[in-house]
Structure formats: C-alpha cells, structure tokens
Amino acid sequence: FFNDMNIGNTNDHFILTAWIGGEDAKRSEENQPSDRDVLDTIMTNLRSMFGSKVPHPSNYIVTRWGQDPFSLGSYSYVPVTTTNINQARIDLGWPTGGQNNNKLYFSGEATDTFYGAVNRA
C-alpha cells in the first residue's frame, strides 16, 4: 500500500487513508477477498514501520474501484508530457459530446488546478 495519509484530527477522531493503484490494486482485489484481509495487510505494514503499539482501528471501509461498474478502476491524471497542466485540467472540466443536452460531464480532482482527492466533484 502506498500514500498512507492521516487526513485530519477532529474531536479526537483520526482518519487514516491508504491508497493502492495500478497492477497492485488489481492483484489486491483478486488476492484479498475480504475487507478484513485488506485491513490485516495494512495493519501489518503499519506495525512493521511504527511498532506493535499501533492501535487497531475502531472502524474501516474498503473500496474496490476495479469491481465498481461505474468506474471499473478508472483514475484520471494529466500525462507527464503535458506542457500546460493547469489548462489541461480546465479543459477536462468542460462538457463534451452531443447536442440537446446529450453531453458528458467530468468532475473531480483531474478537472481542478488545485490537485486534491475530491475537488470539483
């Protein structure tokens, strides 16, 4: 797992996210059938880095974008060869497609010049 991140401390509630992508995400979804298996892998990694006193979470959520019929594991990004990253992101935010309200709209972090997880969603 990569990109472990504590996204806030509000009223003594800590939220830790862990993201995994690409071929590793595919393998994880195929080889770890239960949410508990995913949590156990994350806890093993955290405890190997920070010691055995890392507490068990009070709650957890595991998503599987590769199995989601609406995203099928998709993730948006700007290629490294892009010369104007901000303009590419703005362009992606414009509707595309047909006439008479038959348009496709994109939203989310790839359409915003301030990169984040849910901007413009």
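Other residues with beta-carbon under 14 Å from the beta-carbon of Gly66 carry, at +1 per Lys or Arg and -1 per Asp or Glu, a net charge of -2. Potential lengthening of the chain between Phe106 and Leu16 amounts to 29.7 nm, from the contour at 0.36 nm per residue minus the alpha-carbon distance.
Between Thr83 and Trp65, full extension at 0.36 nm per residue minus the direct alpha carbon distance yields a gain of 3.5 nm. In this rough spin-label picture, where each label sits 7 Å from Cα along the Cβ direction, the Thr96-Ser58 distance is 4.4 nm. Counting only protein heavy atoms and a 1.4 Å probe, region 67-111 has 82 square angstrom of accessible area per residue.
The values are calculated or read from the model by the stated rules, or taken from the named source; none is laboratory data. Only a predicted model underlies this, so the values are computations on that prediction, with no experimental measurement involved. Neighbour counts run over all protein chains shown; Cβ positions are idealised from the backbone, glycine included. Ligands, DNA and RNA are stripped out before the accessible areas are found, and what is left, the full protein with its side chains, is counted by its heavy atoms. Shrake-Rupley method; radii C 1.70, N 1.55, O 1.52, S 1.80 Å.
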